[in-house]
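Shown next, in structure tokens, is the structure this report addresses.
The values are calculated or read from the model by the stated rules, or taken from the named source; none is laboratory data. Given the structure is predicted, the values throughout are model-derived calculations rather than measurements. Here Cβ is always computed from backbone atoms with ideal geometry, including for glycine, and neighbour counts include all displayed protein chains.
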Amino acid sequence: MTFAEYLTRNYDNLLELGLEHLNLVLISMGIALAVGLPLGIVAHRNGFLRNPILAGAGFFLTLPSLALFSIFIPVLGIGAPPAIAALSLYALLPIVSNTVTGLASVSPAVVKASQGMGMTGFQRLLRVELPLAWPVILTGIRVSTQVVIGIAAIAALVGGPGLGTEIFRGLRSQGNASAPNLVYGGTLGVIVLALLLDAAFVLIRRLTTSRGIR
Amino acid sequence: MADTALATQALPGTGGTAGTPGTAGAPGRAESRRGGSPLSWFGMPVLLAVILGGTYLWVSSLELDTIEQRTLNVEQLTRSTIEHLHLTAVSTAIVIVLAIPLGVLLSRPFARPVVPAVLGIANIGQGVPSFGLITIVILWTSLGFWPMIIGLVACSTLPILRNTMVGLEQVDRTAVKASRGMGMSPLQVLLKVELPLAFPVMIAGIRTALIINVGTAALGTFFGQGGLGFIIYNGITLNRTPVLVTGVVLVSALALLIDYLAGALGRLLAPRGL
């Protein structure tokens, strides 16, 4: 069977796996954002906590992915949950560090001006600092997403869902004539997903950046 | 561990423009301080000693059944660790020899036309899952130590290449011009000015290569190459938590230790004045 034949026959299977993969990535990114953004803001506002927070987020990125996927299995069981936990931790550092960098790059004069206008600290954050820092933060989110898409393929090795399962199936049927097709299909799927999400970020960037700094 | 705080500096793509997304893998760190607080020197070794000691005490307090004993014995753990180190060391050495000179070459003026293409490939290459890439290499060759090494090298070459190129690009152009004005030849400028100034970024690249390789080497067990991934996967398939946890702790400790040593070495070797 040629690769083209494989693709036409397994089109819907690959699509389904791709959606599983996307789902895994989106849920993990959602969690990472919900945790990472506030952490980044705290790290920016509190100089004392900045280094511990960044070091903590960097710590997870140093751990081998197989280890991080596996360590949650005794607690969360086999399947998607341990993968989501691991991927969320992997996604943290770029989000946190870019939030800190972005907020730090906001001109002090603008911050002073907003204080002079009588804004409270929270208003200032929401209406001045975050919109101005947003392009940098979004870049962090994009980097995180790319990292997570690739690493999510490893989830299959520890019983998780996604396109990695197709690669793993190919590896296990090594020697079989169809094995390369499975591996190519899974790998190509991940690459296509990465490119699609990267393109989506261009759109998100346009839609979510404040008009004043576009 | 405190030096991770500098990660923001070396994480590419923080510039806010569409730019290049950052490297996959560990945070790059542009170290510049020679001294540093005691915490940055001793924090990680102490943490590792506590984690390893704690795991040892916990496992030895358990009554291991025969299945667990088959994996959790000194001989097996040593063998897996050595296999893991072997994979990591060989692949990293090859990547350093391959990617750094290539990066230097690509930063020379005559290579300027091909640079955007290389960076473009490097960016797309980021989306390639390492697991898929190694499997493809194995399918094209065979199961074995060297195919696994080729796979590891394939996974870590692009990030390091880009790190070197970006590092050399960041070297202050006025410093280069001043050295040329002092009568240095282009080669002298490269050796005496550009490379020393790019040193922190290149060390960060080597460190990243080590972290990527030590992490990816954990997949070695799926390709018949053992390593500490073997312990972890045994723990999962046999449903034995002590085995799984031991594997996870050992491989994580190894990654953190290697990262710490590379960082400490980078700080000691950094050219003075940076």
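When the range B:184-240 is filtered for residues that are in contact (Cβ under 8 Å) with a residue 60 or more places away in the chain, more than 17 Å from residue B:258 (Cβ to Cβ) and among the polar types (S, T, N, Q), the ones remaining, listed by number, are B:225, B:234.
Of the candidates A:172, A:205, the single residue that is on the phi < 0 side of the Ramachandran plot, out of contact with any Asp or Glu (no Cβ under 9 Å at 6 or more places or on another chain) and modelled with pLDDT of 90 or more is A:205.
Of the residues making up the range B:152-210, those that are among the small types (Gly, Ala, Ser) and under 26 Å from residue A:65 (Cα atoms) number 5.
Let me confirm something: among B:228, B:210, B:256, which residue is farther than 23 Å from residue B:68 by Cβ, at the interface with chain A (Cβ under 9 Å from one of its Cβ atoms) and modelled with pLDDT of 90 or more?
B:256
Screening residue B:244 with (1) free of Cβ contacts under 8 Å to residues at least 40 places away in the same chain; (2) surrounded by fewer than 24 Cβ atoms within 10 Å (Cβ to Cβ) gives one miss only, at (2).
Rundown of residues vs (1) hydrophobic (A, V, I, L, M, F, W, C); (2) within 19 Å of residue A:144 (Cβ to Cβ); (3) touching a Phe, Trp or Tyr at 6+ places or on another chain (Cβ under 7 Å); (4) in contact (Cβ under 8 Å) with a residue 12 or more places away in the chain, yes/no style:
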{"residue": "A:37", "(1), (2), (3), (4)": "yes, yes, no, yes"}
{"residue": "A:40", "(1), (2), (3), (4)": "no, yes, no, yes"}
{"residue": "A:43", "(1), (2), (3), (4)": "yes, yes, no, yes"}
{"residue": "A:53", "(1), (2), (3), (4)": "yes, yes, no, yes"}
{"residue": "A:61", "(1), (2), (3), (4)": "yes, yes, yes, yes"}
{"residue": "A:66", "(1), (2), (3), (4)": "yes, no, no, yes"}
{"residue": "A:74", "(1), (2), (3), (4)": "no, no, no, no"}
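Applying the condition of being out of contact with any Gly (no Cβ under 6 Å at 6 or more places or on another chain) and of a type in the set (Val, Ile, Thr) to the range A:69-105 and asking which residue is farthest from residue A:165 (Cα to Cα) yields A:101.
How many of the residues making up the range B:231-243 are within 25 Å of residue B:45 (Cβ to Cβ) and either charged (D, E, K, R) or within 8 Å of chain A (Cβ to nearest Cβ) (or both)? Residues flagged as within 25 Å of residue B:45 (Cβ to Cβ) and either charged (D, E, K, R) or within 8 Å of chain A (Cβ to nearest Cβ) (or both) within the range B:231-243 amount to 1. Quick one: is residue A:75 surrounded by fewer than 24 Cβ atoms within 10 Å (Cβ to Cβ), under 30 Å from residue B:47 (Cβ atoms) and among the β-branched types (Val, Ile, Thr)? Answer is yes for this residue. Of the residues making up the range A:145-162, those that are within 15 Å of residue B:219 (Cα to Cα), more than 7 Å from chain B (Cβ to nearest Cβ) and of a type in the set (A, V, I, L, M, F, W, C) number 4. Annotation note: of B:129, B:159, the sole residue that is surrounded by 13 or more Cβ atoms within 10 Å (Cβ to Cβ), in contact (Cβ under 8 Å) with a residue 24 or more places away in the chain and not aromatic (Phe, Trp, Tyr) is B:159.
Contact annotation: residue pairs with Cβ atoms under 8 Å, 6 or more positions apart or on different chains, pairing a residue in the range A:163-187 that is without any contact (Cβ under 8 Å) to a residue 12 or more places away in the chain and more than 10 Å from chain B (Cβ to nearest Cβ) with a partner that is of a type in the set (A, V, I, L, M, F, W, C) and buried (at least 21 other Cβ atoms within 10 Å of the Cβ), are A:173/A:182. Taking the criterion of being in contact with a Lys or Arg (Cβ under 7 Å, 6 or more places away or on another chain) and not in a helix (DSSP H, G or I), no residue of the range A:183-214 qualifies.
Checking B:272, B:207, B:267 one by one, the residue that is outside any helix (DSSP H, G or I) and among the basic types (Lys, Arg) is B:272 and no other.
For residue B:75, state whether it is at pLDDT 80 or above and not hydroxyl-bearing (Ser, Thr, Tyr). Here the answer is yes, as residue B:75 does meet what is asked. If you scan the range B:161-206, which residues turn out to be modelled with pLDDT of 85 or more and within 13 Å of residue B:99 (Cβ to Cβ)? Selection gives B:161, B:206.
Against the test of being small (Gly, Ala, Ser) and either part of a loop (DSSP other than H, G, I, E, B) or touching a Ser or Thr at 6+ places or on another chain (Cβ under 7 Å) (or both), the options A:156, A:152 yield a single qualifying residue, A:156.
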